[in-house]
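> First the structure, which I've put down as C-alpha coordinates, then a few questions once you've had a look.
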Amino acid sequence: MSTSFYKSSTRLSVKSAICFVVQDLQGLAAYVSEQMQRQNLSLHDVAKRSGGRISHATVANVVNATSKEVKASTLAGLAKGLGVSEDEIVAIARGKANEPMTLERFAAELQGLGVEDFNPAKGLKQLTPADMEEILAVVRATARAMIEQKTKKK
(Lines give C-alpha, C1' and ligand atoms only; values in the text may rest on other atoms or scores of the structure.)
Protein backbone atom coordinates (compact mmCIF):
# COMPACT_ATOMS: atom_id res chain seq x y z
CA MET A 1 0.00 0.00 0.00
CA SER A 2 1.77 3.14 -1.16
CA THR A 3 0.90 6.75 -0.62
CA SER A 4 1.11 9.18 -3.51
CA PHE A 5 2.16 12.77 -3.31
CA TYR A 6 2.53 15.18 -6.19
CA LYS A 7 6.16 16.23 -6.14
CA SER A 8 8.10 19.14 -7.53
CA SER A 9 11.69 18.82 -8.67
CA THR A 10 13.34 19.95 -5.42
CA ARG A 11 15.21 17.53 -3.16
CA LEU A 12 12.72 17.84 -0.31
CA SER A 13 9.80 18.64 -2.51
CA VAL A 14 6.82 20.39 -1.04
CA LYS A 15 4.09 22.27 -2.89
CA SER A 16 1.28 24.20 -1.34
CA ALA A 17 -1.09 21.91 -3.23
CA ILE A 18 0.41 18.58 -2.16
CA CYS A 19 -2.36 16.05 -2.42
CA PHE A 20 -2.46 13.11 -0.11
CA VAL A 21 -4.16 9.93 -1.28
CA VAL A 22 -6.17 8.84 1.72
CA GLN A 23 -5.78 5.13 2.32
CA ASP A 24 -8.54 4.93 4.93
CA LEU A 25 -11.24 7.36 3.86
CA GLN A 26 -13.90 5.82 6.11
CA GLY A 27 -11.51 5.78 9.06
CA LEU A 28 -10.68 9.47 8.57
CA ALA A 29 -14.38 10.34 8.24
CA ALA A 30 -15.24 8.38 11.39
CA TYR A 31 -12.35 9.92 13.33
CA VAL A 32 -13.31 13.49 12.38
CA SER A 33 -16.99 12.81 13.16
CA GLU A 34 -16.08 11.24 16.51
CA GLN A 35 -13.85 14.18 17.48
CA MET A 36 -16.55 16.65 16.48
CA GLN A 37 -19.18 14.77 18.47
CA ARG A 38 -16.89 14.38 21.50
CA GLN A 39 -16.13 18.11 21.52
CA ASN A 40 -19.65 19.14 20.48
CA LEU A 41 -18.34 20.92 17.36
CA SER A 42 -20.25 21.78 14.20
CA LEU A 43 -18.76 21.90 10.70
CA HIS A 44 -18.59 25.69 11.06
CA ASP A 45 -16.85 25.40 14.46
CA VAL A 46 -14.10 23.20 13.02
CA ALA A 47 -13.64 25.57 10.08
CA LYS A 48 -13.48 28.58 12.38
CA ARG A 49 -11.03 26.91 14.77
CA SER A 50 -8.81 26.03 11.82
CA GLY A 51 -8.00 29.72 11.50
CA GLY A 52 -9.36 29.93 7.97
CA ARG A 53 -7.30 27.00 6.67
CA ILE A 54 -10.42 25.06 5.69
CA SER A 55 -14.08 25.81 5.03
CA HIS A 56 -17.10 24.13 6.56
CA ALA A 57 -17.75 22.56 3.12
CA THR A 58 -14.29 20.97 3.21
CA VAL A 59 -15.02 19.54 6.66
CA ALA A 60 -18.33 18.18 5.32
CA ASN A 61 -16.52 16.54 2.38
CA VAL A 62 -14.19 14.76 4.79
CA VAL A 63 -16.99 13.73 7.16
CA ASN A 64 -19.05 12.43 4.22
CA ALA A 65 -15.99 10.70 2.70
CA THR A 66 -16.61 12.27 -0.71
CA SER A 67 -13.00 12.90 -1.78
CA LYS A 68 -10.25 10.29 -2.08
CA GLU A 69 -7.51 12.94 -2.36
CA VAL A 70 -7.05 15.48 0.40
CA LYS A 71 -4.58 18.37 0.42
CA ALA A 72 -1.93 18.18 3.09
CA SER A 73 -3.07 21.67 4.12
CA THR A 74 -6.61 20.29 4.62
CA LEU A 75 -5.31 17.65 7.03
CA ALA A 76 -3.37 20.39 8.84
CA GLY A 77 -6.52 22.51 9.00
CA LEU A 78 -8.55 19.61 10.33
CA ALA A 79 -5.93 18.95 13.00
CA LYS A 80 -5.99 22.59 14.10
CA GLY A 81 -9.79 22.77 13.95
CA LEU A 82 -10.17 19.60 15.99
CA GLY A 83 -7.32 20.38 18.38
CA VAL A 84 -5.40 17.19 17.58
CA SER A 85 -1.89 16.64 16.30
CA GLU A 86 -1.22 16.66 12.57
CA ASP A 87 0.76 13.44 12.96
CA GLU A 88 -2.28 11.71 14.43
CA ILE A 89 -4.68 12.79 11.68
CA VAL A 90 -2.18 11.90 8.94
CA ALA A 91 -1.65 8.46 10.49
CA ILE A 92 -5.40 7.89 10.56
CA ALA A 93 -5.77 9.05 6.94
CA ARG A 94 -3.02 6.65 5.95
CA GLY A 95 -4.63 3.81 7.87
CA LYS A 96 -1.48 3.64 9.97
CA ALA A 97 -2.80 4.60 13.39
CA ASN A 98 -1.25 2.47 16.10
CA GLU A 99 1.09 0.79 13.61
CA PRO A 100 4.56 0.25 15.11
CA MET A 101 7.47 2.13 13.55
CA THR A 102 9.73 -0.08 11.45
CA LEU A 103 12.66 0.75 9.20
CA GLU A 104 10.45 0.04 6.17
CA ARG A 105 7.68 2.34 7.42
CA PHE A 106 10.28 5.00 8.27
CA ALA A 107 11.69 4.86 4.73
CA ALA A 108 8.19 4.95 3.20
CA GLU A 109 7.16 7.94 5.33
CA LEU A 110 10.30 9.87 4.37
CA GLN A 111 9.69 9.13 0.71
CA GLY A 112 6.04 10.11 1.12
CA LEU A 113 7.16 13.45 2.56
CA GLY A 114 9.19 14.10 -0.57
CA VAL A 115 12.64 12.95 0.47
CA GLU A 116 13.72 11.52 -2.86
CA ASP A 117 16.31 8.84 -3.45
CA PHE A 118 16.14 7.74 0.17
CA ASN A 119 18.03 4.53 0.66
CA PRO A 120 18.07 3.09 4.18
CA ALA A 121 21.74 2.81 5.04
CA LYS A 122 23.09 0.10 7.31
CA GLY A 123 23.56 2.66 10.08
CA LEU A 124 19.82 3.39 10.14
CA LYS A 125 19.14 -0.11 11.37
CA GLN A 126 20.56 1.08 14.70
CA LEU A 127 17.74 3.62 15.08
CA THR A 128 15.06 2.90 17.63
CA PRO A 129 11.39 3.40 16.77
CA ALA A 130 11.45 6.55 18.96
CA ASP A 131 14.44 7.90 16.97
CA MET A 132 12.58 7.31 13.70
CA GLU A 133 9.43 9.03 15.03
CA GLU A 134 11.52 12.03 16.11
CA ILE A 135 13.24 12.31 12.72
CA LEU A 136 9.86 12.11 10.95
CA ALA A 137 8.47 14.82 13.22
CA VAL A 138 11.34 17.12 12.21
CA VAL A 139 10.85 16.37 8.50
CA ARG A 140 7.09 16.95 8.81
CA ALA A 141 7.66 20.26 10.61
CA THR A 142 10.12 21.31 7.91
CA ALA A 143 7.63 20.35 5.19
CA ARG A 144 4.87 22.35 6.93
CA ALA A 145 7.17 25.38 7.23
CA MET A 146 8.05 25.14 3.54
CA ILE A 147 4.36 24.96 2.61
CA GLU A 148 3.59 28.00 4.76
CA GLN A 149 6.47 29.98 3.21
CA LYS A 150 5.33 29.14 -0.31
CA THR A 151 1.75 30.06 0.56
CA LYS A 152 2.82 33.42 2.04
CA LYS A 153 4.87 34.27 -1.06
CA LYS A 154 1.76 34.01 -3.29
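> Quick one: Q23 ticks every box in (1) part of a loop (DSSP other than H, G, I, E, B); (2) at pLDDT 90 or above; (3) within 23 Å of A141 (Cα to Cα) except a single one, so which number is it?
Checking Q23 against (1) part of a loop (DSSP other than H, G, I, E, B); (2) at pLDDT 90 or above; (3) within 23 Å of A141 (Cα to Cα), the one that fails is (2).
> If you go through the range 115-154 one residue at a time, how many are modelled with pLDDT under 75, outside any helix (DSSP H, G or I), of a type outside the set (D, E) and farther than 20 Å from G77 by Cα?
Of the residues in the range 115-154, 5 are modelled with pLDDT under 75, outside any helix (DSSP H, G or I), of a type outside the set (D, E) and farther than 20 Å from G77 by Cα.
The values are calculated or read from the model by the stated rules, or taken from the named source; none is laboratory data. Values in this document were obtained by computation on a predicted structure and should not be read as measured data.
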